[in-house]
Every structure is written in C-alpha cells, then in structure tokens.
There are 2 protein chains.
Amino acid sequence: MHISQKAQRCGLSPMRKFHPMAVEAKARGTKIYHLNIGQPDIPTPPAFFDVVKNFASPVLAYAESPGVPTLIDAVRGYYARLGVPLEQDDVLISTGGSEALMMLMLSILDPGDEVIIPEPFYPNYSTFIYAAGGVIRPVPTRPEEGYRYADRAKFEALINERTRALLITNPGNPTGVILRPEEMAMLKDVARAHNLYLISDEVYREFTYGGEGLRTMLSFGDAADNVVVVDSISKRFSACGARVGALISRNRELMQQCMKFCQGRLAVATMDQVGAAALYGIDPGYFDETREEYKRRRDTVMRCLKQIPGVICEEPHGAFYLMAALPIDDADAFQAFLLQEFSDRGETVMFAPGASFYATPGKGRNEIRIAYVLNCADLERAIELLGKGIEAYNRR
Amino acid sequence: MHISQKAQRCGLSPMRKFHPMAVEAKARGTKIYHLNIGQPDIPTPPAFFDVVKNFASPVLAYAESPGVPTLIDAVRGYYARLGVPLEQDDVLISTGGSEALMMLMLSILDPGDEVIIPEPFYPNYSTFIYAAGGVIRPVPTRPEEGYRYADRAKFEALINERTRALLITNPGNPTGVILRPEEMAMLKDVARAHNLYLISDEVYREFTYGGEGLRTMLSFGDAADNVVVVDSISKRFSACGARVGALISRNRELMQQCMKFCQGRLAVATMDQVGAAALYGIDPGYFDETREEYKRRRDTVMRCLKQIPGVICEEPHGAFYLMAALPIDDADAFQAFLLQEFSDRGETVMFAPGASFYATPGKGRNEIRIAYVLNCADLERAIELLGKGIEAYNRR
C-alpha cells in the first residue's frame with residue numbers, strides 16, 4: 001500500500017522514542033526524573049475550570065471556524081495591552097500552536113519551497129514543513145555562543161529563489177535564547193528586504209528571566225505583510241491539554257488562505273475556547289509568580305550543571321528549556337545507558353537527546369535538551385544523577 | 001507574498017458563503033429557517049458534561065498523542081459490540097473526523113495522486129485532498145437514481161496507476177444513500193483487487209431509517225490493509241463542539257505513518273476526550289429516540305417536497321441530509337434571491353447550493369442539499385417557503 005513521500009520524511013517524536021525503555025525501567029522499580037518533556041507542573045488557573053463547569057448550553061455545538069468571538073476578543077485585548085492593536089480578522093484560533101503552524105505551512109509552501117530556521121529547533125517544525133512538501137535550511141549556531149543565531153549574514157547566505165519564510169522561536173525552545181530588540185528588527189528587515197514571511201513562534205513570551213518585558217514581532221508596523229505570529233495558551237496558562245492556540249497576522253491575503261483550512265476542519269473545541277477566553281482575564285500576578293518559580297528552577301539547573309566537569313552551557317534567558325553539550329560521545333547511547341544499565345539509589349534521569357533538534361546530520365550528538373519543569377529539589381537530584389551518569393557512562 | 005498552489009486550489013466553505021446575505025436579511029427583520037448546516041439541535045447527553053464538571057486534575061496536561069487510553073478502549077468496546085474486535089494500535093483519536101481525514105491524506109497522497117469519490121460529496125474532502133497535493137476523480141450519479149453510486153464498472157473505469165484510494169461516506173452526506181451489504185463487499189473487492197485504500201467515512205452510522213442495522217467496512221476480515229474508517233462523536237452523540245473523532249485501521253504501517261502526524265500536533269484536547277469516553281457508556285435507548293426523531297423529520301421533508309411541482313428527490317435512507325433537484329436554473333442565484341428579494345410573512349429559507357458538492361464543473365447547479373436538523377413544524381414551514389420561493393423565482 002502506498003505511503004506518501006512526505007509522511008516518510010517525517011519522524012516519530014524524539015521526545016517519546018525512549019518511552020519503552022522508561023516503561024521497563026519503571027517496571028524494575030527505578031524512579032525516573034523527567035527532564036525530557038515540556039509539560040509544566042504549574043496548576044492551570046481555576047478560571048478555566050470554573051467557566052467550563054458552568055457551560056450551560058444543552059447542545060455542544062460547533063464553534064465559529066475562525067474561533068469563538070469572545071476568545072478572539074480576549075486575544076486582541078491581550079495584544080492591545082502589549083501595544084499591538086489587532087482587528088478581528090487578524091486572529092484565527094487554532095487547535096494549539098501546532099495547528100496554526102500546520103495551516104500556515106500548507107498555505108505558504110509548495111513542494112521544494114524552503115524555510116530558514118536557526119538550529120537547534122523544535123523538532124515538530126519538521127513535521128509541519130514536510131507535510132507541506134517544504135525543505136528546512138538550518139542556520140548554524142554553537143553551544144559556546146549560547147546558541148545565539150541573529151546574524152544577518154548567516155540568514156542572507158541561505159536565501160534563494162525558493163525561500164519563503166524565516167521561522168524563529170522567541171523565547172527559544174530548545175535553547176532559551178531571547179532575541180534582543182535590535183536582533184528582532186534585523187530579522188524583520190531581512191524578511192522585508194527579501195519579501196519573506198517572518199514566522200515568530202512566541203508561545204513562551206511570558207517566560208523571560210532578565211527583565212526583558214513582553215515582546216512580539218507584531219510590534220513592527222512596517223512589516224504587516226511579513227510577520228506571522230504563532231501563539232498558544234498551553235505554556236502561558238499551563239493549559240497544554242486545552243489545545244488552544246492562535247495564528248496572528250495582518251496579512252489579509254494569507255489569513256484568508258488559512259481560513260480555508262479553518263473552515264475545512266470546521267472548528268476548534270468549543271468548551272476549551274470558552275475556558276481559554278476566561279484565562280485571559282486572570283490576575284496578572286499569576287505570571288509574576290510563575291516567572292519567579294521558573295527563574296529559580298533555571299538558576300538551580302545552571303548551578304548544578306556547572307558542577308559537572310566538561311559540560312558546556314550558557315545561561316538561557318527564557319522559556320523553560322536549555323541545551324547543554326556534555327562530555328560524552330552520543331546522547332542517544334547515553335540515554336539508553338541511563339535507562340538500561342545505570343541507577344543511583346534506584347533512580348535515574350531522562351532528557352531529550354540533541355541530534356533530533358538539528359536538521360544537519362551529525363550535529364548535536366553530544367548535546368541534550370533539559371526541560372526544567374520539576375521543583376527545585378527534584379531538579380537538583382536530577383542533575384546530580386546526570387553527573388553521576390556521565391561518570392559511569394565514560395567509565396564503561 | 002507567496003501563497004501555495006494547494007491553498008489556492010482550496011475553496012472557502014460553500015455552506016458559509018451566503019452568511020453575509022443572511023446577516024443582512026436578519027438585520028431587516030427576516031426570519032431564516034436554516035436547512036444549510038448539519039448542526040443537530042438534539043441535546044448532548046449529560047454524561048459528557050457530568051464528567052467534564054468532575055475533572056479533578058489541577059493541571060490540564062497534554063493527553064497521549066494517539067489518544068486517552070480510556071477513550072481508545074471505549075471506541076474498541078463500541079466496535080466489539082458491532083462484532084469488530086480492534087487492538088489498541090488500530091485506533092488513533094483525532095480532533096474530529098476532519099483531522100483524521102487530513103492526517104490520512106497527508107500519509108497516503110503524493111502530489112498528483114488520485115482519490116475516487118462518488119459525487120456529490122462532502123465539500124471539505126477537497127480541502128484535505130488538495131492540502132496533500134491530491135486529485136479528485138468523481139464517480140457520476142443521478143438524482144433520478146437517488147444518487148446511488150455502487151457500480152463496479154464506474155469505479156474501475158477511473159482507476160489508473162496514480163489511484164491511491166476510494167473514498168465513500170456511508171450513510172451518505174449529502175445524499176443520505178446507504179450502501180447495501182453486497183455493495184459494501186463489491187467496493188471492498190475493488191479496493192483489494194487494485195491494492196487501494198478504501199476510506200469509509202462512517203460518522204453517520206447510527207442514522208439509518210430502514211432498519212439497516214449498524215454497518216462498518218471494518219467487518220471485512222480479508223481487507224485489513226485496505227480499509228480505513230473515519231469516525232466521530234460529533235453526530236453520534238450530538239457533540240460536534242467536542243471535536244473528537246478517530247482514524248481506525250488494521251493497517252499497521254499506515255497507522256504508524258499517521259502516528260507521526262499525531263505526535264507532530266502533540267495531542268487532542270484532554271477534557272473533550274474524557275467526556276467522549278463517557279458518552280460511549282450511555283443507555284443505547286438514546287440512539288433509538290434520536291433515530292425516531294430524525295426519521296419523522298425525513299418523512300416530513302419528503303412529504304412536503306413531493307407537493308412542490310418539478311422537484312426530483314428519492315427518499316434518502318440515512319444521515320440527516322438529502323439532495324434534491326429543483327425546477328430552477330441555478331441554486332446559487334436562487335439562494336441569493338431568497339435572501340435578498342423574497343420573503344413570505346417575514347420569513348425565508350436557506351439550504352446548501354448543490355454545485356459545491358460536485359467536482360465536475362457545471363454539475364449540481366439546479367440541486368440543493370437540505371439538512372433536516374429542525375423540528376417537524378419548522379421543517380414543514382421551511383419546505384413551504386422553498387416551494388413559494390421557487391414559484392416567485394421563476395415568475396421574475
């Protein structure tokens with residue numbers, strides 16, 4: 001039976017490929033500290049559940065294809081507070097940021113069209129780009145430079161007649177890199193100069209630890225046709241399971257094309273949208289508390305990582321991930337070792353091996369992504385296990 | 001800015017294109033009877049809301065990529081009662097039947113690959129097929145034959161080396177056609193003989209009015225690699241707004257490819273899946289009541305339509321739609337007339353013009369789809385308005 005080329009190019013999730021080994025380790029009684037997935041442990045604000053519990057319509061009907069109007073207005077209100085006025089038609093509600101990316105790639109990429117992305121990058125970008133027949137052109141970075149990527153020459157060297165878009169994650173997953181205002185402006189200028197979409201995945205906007213403030217590519221008034229923002233409530237409100245995101249752009253032609261895909265799948269889940277709208281009304285103190293908690297975690301991880309000889313890791317400034325280069329040969333083999341051969345007092349640790357965050361074959365093999373989504377005590381123990389694991393692995 | 005060819009080939013929803021005229025008519029005080037959209041008015045069983053209201057986890061976390069295990073088990077239990085045993089890996093939960101179709105088309109179609117579909121068909125199929133770069137090859141039918149399509153020669157005449165799948169909707173939207181068991185077997189044989197996927201969209205399975213019983217293409221044990229069923233709770237439990245569907249197949253290679261897209265978008269909304277699982281446990285009497293109600297509605301519409309001279313409409317046997325050929329030149333122009341120029345005692349009626357259900361240009365222009373999702377009194381009045389409208393339109 002025929003399988004499409006595009007499906008064959010896609011891979012299974014690197015974050016989940018060690019799942020069977022983890023199940024076996026747990027069956028042996030080993031406790032695993034999970035630094036491998038970006039599922040926050042922060043409670044979802046009760047506003048979501050309150051609204052859902054009071055949902056009064058006897059028929060759970062389809063929502064409007066572009067999104068429930070109260071949610072679109074809530075999103076607009078949020079951006080207005082960032083100084084970015086949006087029209088109703090500038091916002092399409094999506095089933096998570098994931099669907100926003102899928103609809104966008106289907107709308108802008110023909111087979112062979114290219115998207116420039118700094119690597120390491122969120123691996124699922126590949127799935128959305130390959131689904132549309134597209135090609136990824138990675139911008140190289142280095143662990144020693146903290147994975148910073150905003151170098152105009154590096155981007156322009158990759159632009160050709162098939163280039164359709166630049167795609168960045170800001171704050172970054174997996175690197176935690178935050179663009180400086182002048183770097184944002186530079187990327188916007190490159191997109192304008194070459195008539196490209198500038199796709200800015202800003203789902204971690206609130207997670208900044210250096211007082212950076214909340215930034216968005218939408219703030220550039222002179223790039224309305226270029227800038228497309230991918231947004232989501234998943235991380236902002238610790239509501240990953242609601243699957244509510246948004247595609248935001250002032251490019252009306254693009255939004256009308258994306259609307260075809262919105263109508264094709266009819267609607268996003270109704271109750272989740274109503275709950276999401278309520279989340280936008282919570283006390284902003286929630287973000288300060290959450291930010292402080294993640295900052296403590298980031299500081300804890302960095303402090304502990306520095307005690308492991310040979311680890312290269314510059315301090316990340318945002319999101320709740322970091323990439324680190326380890327003094328090992330292969331992070332995949334190391335992860336398998338940690339799950340199958342290593343344990344310390346009946347405990348071990350999981351992370352996301354680095355290679356899958358790279359499009360360039362062979363890169364990132366000695367790197368890992370750490371999601372600091374555990375409490376500080378657990379993080380200390382998890383990094384201690386990482387250090388002991390490196391020692392044991394290199395002693396084999 | 002570049003827009004992809006595939007997006008350009010997709011259309012905006014025909015069901016929604018008269019929305020602006022409807023808004024204007026309502027602003028003038030005209031009451032509109034909506035026969036144009038398939039949104040049932042039947043209450044969603046309270047089991048859904050009960051479970052959602054008792055959702056106790058403080059963190060609304062991602063669900064598993066293939067679906068929440070209790071929901072997968074509920075779907076398996078439902079099919080076991082139809083005599084179809086399924087393994088856990090045979091079921092992928094999707095965001096409505098829509099996402100199941102999108103993931104499927106992305107997995108099986110390369111640009112230029114063909115899908116054979118009897119026309120008229122559900123217009124959104126085009127969006128999913130075009131998104132994957134595919135081509136639709138329509139099997140012709142006739143209103144005078146009640147749009148029946150299960151003719152082996154007609155299907156085989158369209159098969160070539162680019163054909164990848166047969167796609168049918170059973171019971172049918174927009175026609176209400178139900179395949180007889182021997183017709184199902186014939187299509188299965190064609191798929192097997194030519195090594196094609198047989199995609200059976202069975203979301204209206206419970207809506208049968210001739211005592212047909214609940215049927216599924218999955219019941220053919222000798223076509224495990226060919227048959228793919230698209231399913232959904234939307235119509236079955238009047239829960240369209242939950243956006244919970246499923247892709248079901250025993251073809252493991254295919255399901256593993258589709259799993260890549262499941263992992264790419266991470267998960268389906270968590271609470272909606274938990275609610276959906278509860279729906280599968282409700283008293284089966286619900287289906288009998290719902291079926292009786294829709295049968296009354298079907299009979300009401302048919303009785304009233306027969307009183308309009310020149311209408312061609314064979315009795316549909318399932319779903320809650322019918323197609324009818326009207327004694328008019330152009331259903332689009334007629335709909336515009338009904339909204340902009342016609343009213344009877346301050347009331348008018350909307351339907352879905354037929355042309356958009358056809359891939360063949362020019363076909364279906366004098367046809368309409370009626371969704372009988374109103375109560376019987378409203379349906380009588382709506383069809384009366386249709387008849388008066390036809391008279392007025394042809395008198396212009």
Item checked: Computed P(r) (all Cα pairs; the stretch B:1-147; 10 Å bins; percent) -> 8, 21, 29, 29, 12, 1
Check: Pick from B:Ala47, B:Ala325, B:Ala80: which is most flexible by mean-square fluctuation in a GNM of chain B where alpha carbon atoms under 10 Å apart are linked?
Finding: B:Ala80
Margin query: Can you list the DSSP H helices in chain A whose Cα atoms extend at least 20 Å along the helix axis and whose mean Kyte-Doolittle hydropathy is -1.0 or higher?
Written below: A:376-395
Item checked: Accessible-area ranking of B:Lys363, B:Lys31, largest first, probe 1.4 Å -> B:Lys31, B:Lys363
Notebook entry, point to check: Got a sec? Which residues of the stretch A:263-288 lose 30 Å² or more of accessible surface with every protein chain in place, vs. that chain alone, 1.4 Å probe?
Noted result: A:Gln263, A:Gly264, A:Arg265, A:Leu266, A:Ala269, A:Met271, A:Asp272
Check: Between copies, how close do the A:Ala157 label points come, placed 7 Å along Cα→Cβ, listed in nm from shortest?
Finding: 6.0
Next item on the list: Might you work out the accessible area of B:Glu341 for me, using a 1.4 Å probe with all protein chains in place, and round it to the nearest 10 Å²?
Entry: 130
Next item on the list: Summarise the accessible area of chain A (1.4 Å probe, protein heavy atoms) by the percent that is carbon and sulfur.
Entry: 51
Item checked: Calculated label separations, A:Glu145, copies of the chain, 7 Å along the beta-carbon direction, nm -> 6.7
Notebook entry, point to check: Put the label 7 Å from Cα along Cα→Cβ for A:Pro181; what are its distances to the other copies, in nanometres, shortest first?
Noted result: 7.5
Check: Taking a point 7 angstrom from the Cα of A:Asp151 along the C-beta vector, which residues in the stretch A:348-373 have backbone N less than 17 Å away?
Finding: A:359-360, A:363-364
Margin query: Among B:Gly96, A:Leu71, A:Met103, whose Cα projects farthest towards the positive end of the dipole of the protein assembly as shown, with charges put on the beta-carbon of Lys, Arg (+1) and Asp, Glu (-1)?
Written below: A:Met103
Margin query: Rg over Rh of the stretch A:1-88, using C-alpha atoms and the Kirkwood radius, what does it come to?
Written below: 1.14
Check: Near the amide H of A:Val349, under 5 Å away, which other amide H atoms are found, from residues 5 or more places off or on another chain, if H is placed in the peptide plane?
Finding: A:Tyr33
Check: So if R0 is 30 Å, what FRET efficiency would A:Met21 and A:Arg291 give, r being the distance between their Cβ atoms, rounded to the nearest 0.05?
Finding: 0.30
Note to self: Leaving ligands and nucleic acids out of the surface, order B:Asp151, B:Asp231 by accessible area at 1.4 Å, largest first.
What the structure shows: B:Asp151, B:Asp231
Item checked: Accessible solvent surface per residue of the stretch A:262-396, calculated while the other protein chains remain in place, 1.4 angstrom probe, Å² -> 37
Checklist line | Distance from the stretch B:159-188 to the stretch B:250-297 (C-alpha centre basis), Å | finding: 21
Item checked: Distance between modelled label sites at A:Glu144 and B:Arg142, nm, 7 Å Cα→Cβ extension -> 7.9
Notebook entry, point to check: Among A:Gln257, A:Phe237, A:Tyr122, whose Cα lies farthest out toward the positive end of the dipole of chain A, if unit charges sit on the beta carbon of Lys, Arg (+1) and Asp, Glu (-1)?
Noted result: A:Tyr122
Check: Which value, in Å², gives the accessible area per residue of the stretch A:98-239 when a 1.4 Å probe is used on the protein heavy atoms?
Finding: 26
Checklist line | Label-point separation in nm, B:Ala336 to A:Asp41, each point 7 Å along Cα→Cβ | finding: 6.3
Notebook entry, point to check: With charges set only on the Cβ (+1 for Lys and Arg, -1 for Asp and Glu), what does the dipole of the stretch A:237-396 come to about its Cα centre, in debye to the nearest 20?
Noted result: 500
Notebook entry, point to check: About its Cα centre, how strong a charge dipole does the stretch A:207-292 have in debye, to the nearest 20, once Lys and Arg get +1 and Asp and Glu get -1 at the Cβ?
Noted result: 420
Next item on the list: May I have the extent of the alpha carbons of the protein assembly as shown along their three principal axes, as whole Å values ordered from largest to smallest?
Entry: 88, 56, 51
Notebook entry, point to check: How big is the C-alpha Rg of the stretch B:100-249 next to the rule-of-thumb value 2.2 N^0.38 Å, as a ratio?
Noted result: 0.98
Check: Using a basic spin-label model with each label point 7 Å from the Cα along Cα→Cβ, how many nm lie between A:Glu161 and A:Arg395?
Finding: 6.1
Check: If one takes the accessible area of chain A alone plus chain B alone and subtracts that of the pair, with a 1.4 Å probe, what total in Å², rounded to the nearest 100, results?
Finding: 6400
Check: What whole number of Å gives the distance from the Cα centroid of the stretch B:1-69 to the Cα centroid of the stretch B:313-358?
Finding: 22
Notebook entry, point to check: Where nothing but the Cβ of Lys and Arg (+1) and of Asp and Glu (-1) is charged, how large is the charge dipole of the stretch B:1-158 around its Cα centre, in debye to the nearest 20?
Noted result: 820
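The values are calculated or read from the model by the stated rules, or taken from the named source; none is laboratory data. If you're wondering where the values come from, they're calculated on a predicted model, not measured in any experiment. Cβ coordinates were reconstructed from backbone atoms using ideal geometry, including for glycine residues, and neighbour counts include every protein chain displayed. In case anyone asks, the SASA skips ligands and DNA or RNA and just uses the protein heavy atoms, side chains included. Shrake-Rupley method; radii C 1.70, N 1.55, O 1.52, S 1.80 Å.
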